[in-house]
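Just below is one structure, and these are the notes that go with it.
The values are calculated or read from the model by the stated rules, or taken from the named source; none is laboratory data. Every value quoted in this text rests on a predicted model; they were computed, and no experiment measured them. Reconstructed Cβ throughout: ideal geometry from the backbone, glycine too, with neighbour counts over all protein chains shown.
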Amino acid sequence: MEKNVGCKNGMWKGDNVGYYALHIWINKHKPKPGLCEECKQKPPYDCANISGQYKRDVNDFKWLCRSCHMKSDNRLEILRQANIGSKHSAEHIEKVRAYHLGKIRSKETRKNISLKTKGLKKTKEHIENLRLSHLGKKPSLETLEKMRLSQQKRRELEQRLSI
């Protein structure tokens, strides 16, 4: 008894198949390689059409990682163009700031934030806001020790430079 599969099935549409059904058929019939067929660095995620004609031909498709698929479809450039000059409104920035205000962050999160902002110059306004936010708060013993060491290093550097 023959199976009612493929072109033997009464519902078979051949090349007139829809977009999603064709991708399902390709996923079943084109073996998935270990790495992207374009960059050969990341595992493939998408089965991408090459010609743009969407034929029922496994050679007209490539297994690509998401990044290569978006590049081949020119979607990354379209996204970049769409985001040029877009900025958050002052109202949105204030909402985000208020949401994060007073949140207790883990040591790992604080470390990550510190690494991202290391070397960035702080504006006078930012420094003043920091000073005001710390008014009336007593520093921990650990912070006092760090401040003492920092002042000591600064004095040593000043002495070496003045010699």
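Laid out as a table, the results:
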| item | result |
| --- | --- |
| Some residue of the range 148-157 being more than 31 Å from the chain's Cα centre (by Cα), modelled with pLDDT of 85 or more and either assigned by TED's automatic domain parsing to the domain that holds Tyr45 or aliphatic (A, V, I, L, M) (or both) | yes |
| Scan of the range 14-33 for residues that are modelled with pLDDT of 65 or more, surrounded by 10 or more Cβ atoms within 10 Å (Cβ to Cβ) and within 12 Å of Arg56 (Cβ to Cβ), ordered by number | Val17, Gly18, Ala21, Leu22, His23, Ile24, Trp25, Ile26, His29, Lys30 |
| Evaluation of Gln53 against (1) under 22 Å from the mean Cα position of the chain (by Cα); (2) at pLDDT below 85; (3) farther than 30 Å from Lys137 by Cα (one fails), failing number | (1) |
